[in-house]
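Everything on this sheet refers to the single structure shown next.
The values are calculated or read from the model by the stated rules, or taken from the named source; none is laboratory data. These numbers were taken from a predicted model, which means no experiment stands behind them. Because the Cβ atoms are built from the backbone with ideal geometry, glycine has one as well, and the counts that use them run over all protein chains shown. These area figures cover heavy atoms from the full protein model, side chains too; ligands, DNA and RNA do not enter into them. Shrake-Rupley method; radii C 1.70, N 1.55, O 1.52, S 1.80 Å.
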Amino acid sequence: MPFLGLLYFVNYLDRVNIGFAGPNGMNAELGLTATAFGFASGVFFLGYLVLEVPSNLALHRFGARRWMARIMITWGIVATVMAFVPNPTTLIVLRFLLGVAEAGFFPGIILYLTYWFPASQRAKAVALFMAAIPVSSAIGSTVSSLLIAHGGGVFGLSGWRFMFLVEGVPAILLAVVTWFYLTDRPEKAKWLTAEERTWLSNELETERKATEAEHHWPLRKALTHPRILGLAFVYFGIAYGLYALGFFLPTIISGFSQQFGSKLTTTQAGLVNAIPYAVGAVVMVLWARHGDRTGERKWHVALPMLLGGIAIPVALYLGNPYAAMVAVTVCAVGVCAALPTFWALPSNFLSGAAAAGGIALINSLGNISGFAAPYVTGWLRDLTGSQRSGLWVVGACMIAGAIVALFLGAKPKKTAFLEGSAEGS
C-alpha cells in the first residue's frame, strides 16, 4: 500500500502541477488567459477519456505489474517534456497526450485492490491509496512552490519549467521499480506464507462467486447499464470539486492579496494551499474506516458531498482570508471523505472483466469533470471577473451528485427503477 500510494502521489502531482505553474509565470510567459489556462488544464481528461476502458481491460488481461510500468514510463516522458513547451498550442497538445499516457492508471489500481482486499476492508484500502491525493496536494504544493521559487535559471529554465522537469522524472524511475516489485495476485505473492496465500485467494474467490450469484453483470451490461451512468454522475460531482480545487486553489490564494490585502510569497502560498489537503487526508482515512466498520455506504458518500458542496461557494463571500480558508478546507474534507467510500460501491455488484470495464467507464465519464471544472471555472472568471460564479457551479455539481448517490443506494435492488424489467428475469 505505501508503494501504491507513492505511485499515485507522483501521478496526481504530474496531473495538477500545471495549477502551480499557471499563476507563477507560465500564464504570463505563454500569454494564457484564464479560459485558455482552464482549457489546457482540462484537455488532459479528453485524452484520458478515450483510452480508459481498453486500458483497464488490458490490465485485467496482462497483469498490473507490466501494465502499470508501461503507463508510468509513457506518462513520465510526456510530463518531463512539458518543461520545454514553447507556446499555448504545444501546451494543449502535451496535456492531451499526458491524459492518453495516464489512461487506466487510477481505475487500474482500484481494480487491482479488489484482487487483494475483501469487501469488508476495501474502503479503508482505497482510502489509504487515495490519501496520496491530499498528501500530494499538501506536500506537492510546497515542493512545487519551492522548485518554482528556487529553480529559476537552473539549466537556463524558468522556475515553472524546472518544476515540470524535476517532477516528471520520478515516474520514469518508478516504472522500472514497478516492473520488478509489484505482485499481480495473492497466489503469486512469495512474501506471504502458503497458508496466507491459500486463505486470501479462497476468501476473495468465495466473495467473487457470491457477488456473481447475486448480481450477474457481464461486461456488456457493465458498459451499458443506467446504474453505471448514475454512478459516473456521482463521481463527476466529487471529481468536479476535486479538480476545481486542485487547479484553481493556488490562483484563489494568490488573489487574497487583491481581495483582502494579504501579502504572500510563492513559498508561503504553497504552504497555505497545503492546509485543506492535510486536514482532508486525515478525515479521508478515518471516514473510510468508519464506513467499513458500520457497513454503511450510501450516506458515507452523500453526506460529505453535501457538506463540501455547501461550503465551497461560501468561501469567497467571507470577510477575511482565515474564514475563507476554513470554508475551502471543509470542501476539501468533503471531497476527500467521499472518494474512497464511493469506490467501494461498484465492487458491491461487479467482478472480473465486468469490474475492469465498469470501474474504468465510471472513472472515465466521471473525469469529464476534470475538463469541465477548470474550463468552466476559468471561463466564468473571464466572463464575470470573479471566482465566485465558478465556485457556485462547483457546489451545485457536488450537491446534485449527492442526491443521485442517495437515490441509487449502496447496490442494485431488483425492484429499483434503474434495474428495469431485465433485472428480474
> Please state the relative contact order of the range 1-131 as a whole percent: Cα pairs under 8 Å, 6+ residues apart?
Replying inline: 37
>> Over the chain, how many pairs of lysines fall under 20 Å by alpha carbon, counting only those 8 or more apart in sequence or from different chains?
In response: 12
> Along each of its three principal axes, how wide is the spread of alpha-carbon positions in the chain, in whole angstrom units, largest first?
Replying inline: 61, 44, 34
>> Show log10 I(q)/I(0) for the range 1-47 at q = 0.20, 0.22, 0.25 Å⁻¹, two decimals, from a solvent-free Debye sum over equal Cα scatterers.
In response: -0.70, -0.77, -0.88
> Looking only at the range 325-358, which residues have a backbone nitrogen under 20 Å from a spot 7 Å from the Cα of I310 in the C-beta direction?
Replying inline: 325-339
> Expressed as a whole percent, how much of the Cα-Cα distance distribution for the range 191-236 exceeds 13 Å?
Replying inline: 68
>> Restricting to Cα pairs below 8 Å that are 6+ residues apart, what does the relative contact order work out to for the chain? Please round to a whole percent.
In response: 27
> Sorted by packing (mean other beta-carbon atoms within 10 Å per residue), highest first, where do 7-16, 321-330 land?
Replying inline: 7-16, 321-330
>> Heavy atoms only, 1.4 Å probe, whole protein assembly: order I77, I18 by accessible area, highest first.
In response: I77, I18
> Pairing the Cα long axis of helix 368-384 with the longest principal axis of the chain, what angle in degrees results, from 0 to 90 and rounded to the nearest 10?
Replying inline: 30
> Between R220 and V50, what FRET efficiency comes out of the Förster formula 1/(1 + (r/R0)^6) with R0 = 30 Å and r the beta carbon distance, rounded to 0.05?
Replying inline: 0.90
> Most mobile of G237, G390, G42 per a Gaussian network model of the chain (Cα springs, under 10 Å)?
Replying inline: G390
> Mean residue ellipticity at 222 nm from the helices of the chain, using -39,500 (n - 2.57) per DSSP H segment of n ≥ 4 over the full residue count, to the nearest 500 deg cm²/dmol?
Replying inline: -25500 deg cm²/dmol
> If you place +1 on the Cβ of every Lys and Arg, -1 on the Cβ of every Asp and Glu, and leave all else neutral, what size is the dipole of the chain about its Cα centre, to the nearest 20 Debye?
Replying inline: 240
